[in-house]
1. Considering only segment A:70-77, I want to know if a residue exists there that is facing chain B (nearest Cβ under 10 Å), surrounded by fewer than 19 Cβ atoms within 10 Å (Cβ to Cβ) and closer than 25 Å to residue B:142 by Cβ.
2. Can you name every residue in segment B:28-44 that is within 9 Å of another protein chain (Cβ to nearest Cβ), assigned to a helix (DSSP H, G or I) and at pLDDT 60 or above?
3. Can you confirm whether segment A:7-15 contains a residue that is under 24 Å from residue A:155 (Cβ atoms) and in contact (Cβ under 8 Å) with a residue 40 or more places away in the chain?
4. Keeping to segment B:257-279, report how many residues are away from chain A (no Cβ under 14 Å) and modelled with pLDDT of 80 or more.
5. Show the residue pairs meeting these rules: Cβ distance below 6 Å; 6+ apart or different chains; first residue within segment B:125-136 and away from every other protein chain (no Cβ under 14 Å) and at pLDDT 90 or above; second residue part of a strand (DSSP E or B) and surrounded by 15 or more Cβ atoms within 10 Å (Cβ to Cβ).
6. Can you name the number of the only condition in (1) more than 7 Å from chain B (Cβ to nearest Cβ); (2) within 14 Å of the chain's Cα centre (by Cα); (3) surrounded by 19 or more Cβ atoms within 10 Å (Cβ to Cβ) that residue A:90 fails?
7. Can you say whether residue B:169 is within 14 Å of another protein chain (Cβ to nearest Cβ), buried (at least 23 other Cβ atoms within 10 Å of the Cβ) and assigned to a strand (DSSP E or B), as far as the supplied structure shows?
């Protein structure tokens with residue numbers, strides 16, 4: 001019985017950290033050389049999609065310290081100045097959090113519109129931070145293209161996140177129910 | 001409930017702990033950003049970055065494998081599609097390259113004789129190591145890539161990284177199993193170069209665009225589009241004479257360089273490991289002979305016209 005309770009607790013924790021681990025995985029996908037042919041198309045900003053999705057739907061699974069760690073991980077992997085993405089993600093998430101009550105529960109189109117605004121704010125934040133940190137003006141054109149691709153990719157990627165979130169919620173419910181039965 | 005309402009739009013940020021944590025973490029990010037502004041190799045977070053690159057290296061290698069295979073497959077199809085045309089072009093290239101090879105061998109022999117006469121130290125033969133790029137160029141602000149070799153393979157900071165048709169950057173940070181390459185196009189990249197044809201020195205400065213700028217060009221020289229740019233070796237880091245690109249006009253009477261190799265698209269790279277030169281006290285074999293370098297320069301040999309290498313990249 002003790003073992004079962006322990007396993008159930010581990011399962012609950014595992015599901016709780018899934019969004020964070022998924023966001024870290026998104027960072028690795030973001031930096032991996034996944035070009036198709038000779039097309040020099042930037043990768044959509046997958047980590048931000050994960051952060052936005054969980055901040056809007058289940059903020060308890062995407063706390064600020066997790067967002068900070070995701071940003072630091074991205075800074076370290078890209079080789080850029082530490083704090084660039086971490087700070088931008090944090091500020092972006094803080095702004096999103098203030099609007100979560102307005103957007104939540106109004107369907108996918110509201111979520112996508114919210115993402116549009118959040119992504120634009122984030123890209124402005126990160127561009128400003130990069131300009132302050134790196135000195136000369138970073139390439140705005142490439143950043144704009146990345147923003148556009150991120151916006152276009154969000155509806156597809158967020159479906160995947162929804163499926164994962166439903167699966168984790170379902171498993172969590174089952175685990176909690178079985179725990180209650182055990183007691 | 002009433003308390004949450006009184007916070008207005010900030011109620012979404014959570015309780016006082018969450019809000020406090022947010023403020024602390026934002027301040028921490030700003031502090032990190034401020035102290036990490038120095039050159040990448042002098043970053044106080046060098047160790048963290050190296051450890052993360054080392055730890056994620058194997059995962060990134062696995063992640064990039066499926067699409068790499070797909071790319072190779074599509075490249076093979078595209079190659080077969082125009083097979084006849086490509087064979088003709090390759091035959092022409094081969095004929096040109098044979099002439100270049102003969103010329104290179106003749107010059108090498110001549111150079112060896114001059115070095116022998118001068119008692120110059122023998123240039124060490126570089127060891128070439130092949131590596132695979134396991135990350136893309138690092139987002140919109142940084143032009144750096146990780147490669148899957150590190151200290152364990154003999155990689156050291158400053159070593160030149162080349163594609164088959166030109167220099168793409170240098171090793172900036174080395175971990176045990178992975179290293180970071182600072183590309184020529186990065187904002188932090190500064191490489192002393194030599195413009196052939198006018199014997200002018202300059203600095204190649206990256207600006208995160210695909211075409212780095214030429215700055216600090218020697219005064220009194222007339223730069224022309226199409227001139228070749230090679231490393232000058234004056235930094236004591238990169239060897240002299242590595243092909244980089246061709247000069248092209250930029251905005252406002254400035255010059256930029258069209259790189260032979262596209263650093264963002266290269267999948268496999270060569271890393272040059274050059275053993276240090278040993279300066280030994282040797283006496284010139286024939287002190288009475290003073291070879292005139294100008295004489296050698298005036299012996300202009302008709303060079304065959306070939307492509308400069310800018311026509312393609314590694315797939």
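1. Keep residues of segment A:70-77 that are facing chain B (nearest Cβ under 10 Å), which gives A:71-77.
Going one step further and asking which of them are surrounded by fewer than 19 Cβ atoms within 10 Å (Cβ to Cβ), we end up with none.
The answer is no, given that none of the residues of segment A:70-77 is facing chain B (nearest Cβ under 10 Å), surrounded by fewer than 19 Cβ atoms within 10 Å (Cβ to Cβ) and closer than 25 Å to residue B:142 by Cβ.
2. Filtering segment B:28-44 down to residues within 9 Å of another protein chain (Cβ to nearest Cβ) leaves B:28-37, B:40, B:43-44.
Imposing the further condition that a residue be assigned to a helix (DSSP H, G or I) reduces the set to B:28-35, B:40.
Result: B:28, B:29, B:30, B:31, B:32, B:33, B:34, B:35.
3. No, the conditions are met nowhere in segment A:7-15.
4. 7
5. Final answer for the pair search is B:129/B:271; B:130/B:270.
6. In the conditions (1) more than 7 Å from chain B (Cβ to nearest Cβ); (2) within 14 Å of the chain's Cα centre (by Cα); (3) surrounded by 19 or more Cβ atoms within 10 Å (Cβ to Cβ), residue A:90 misses (1) alone.
7. yes
Residue-wise test of (1) out of contact with any helix residue (DSSP H, G or I) (no Cβ under 7 Å at 6 or more places or on another chain); (2) within 12 Å of residue A:49 (Cβ to Cβ).
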{"position": "A:107", "(1), (2)": "yes, no"}
{"position": "A:123", "(1), (2)": "no, no"}
{"position": "A:127", "(1), (2)": "no, no"}
{"position": "A:130", "(1), (2)": "no, no"}
{"position": "A:149", "(1), (2)": "yes, yes"}
{"position": "A:154", "(1), (2)": "no, yes"}
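The values are calculated or read from the model by the stated rules, or taken from the named source; none is laboratory data. Quantities reported herein were computed from a predicted structural model and do not represent experimental measurements. Note that we place each Cβ from the backbone using ideal geometry, even for glycine, and neighbour counts take in every protein chain shown.
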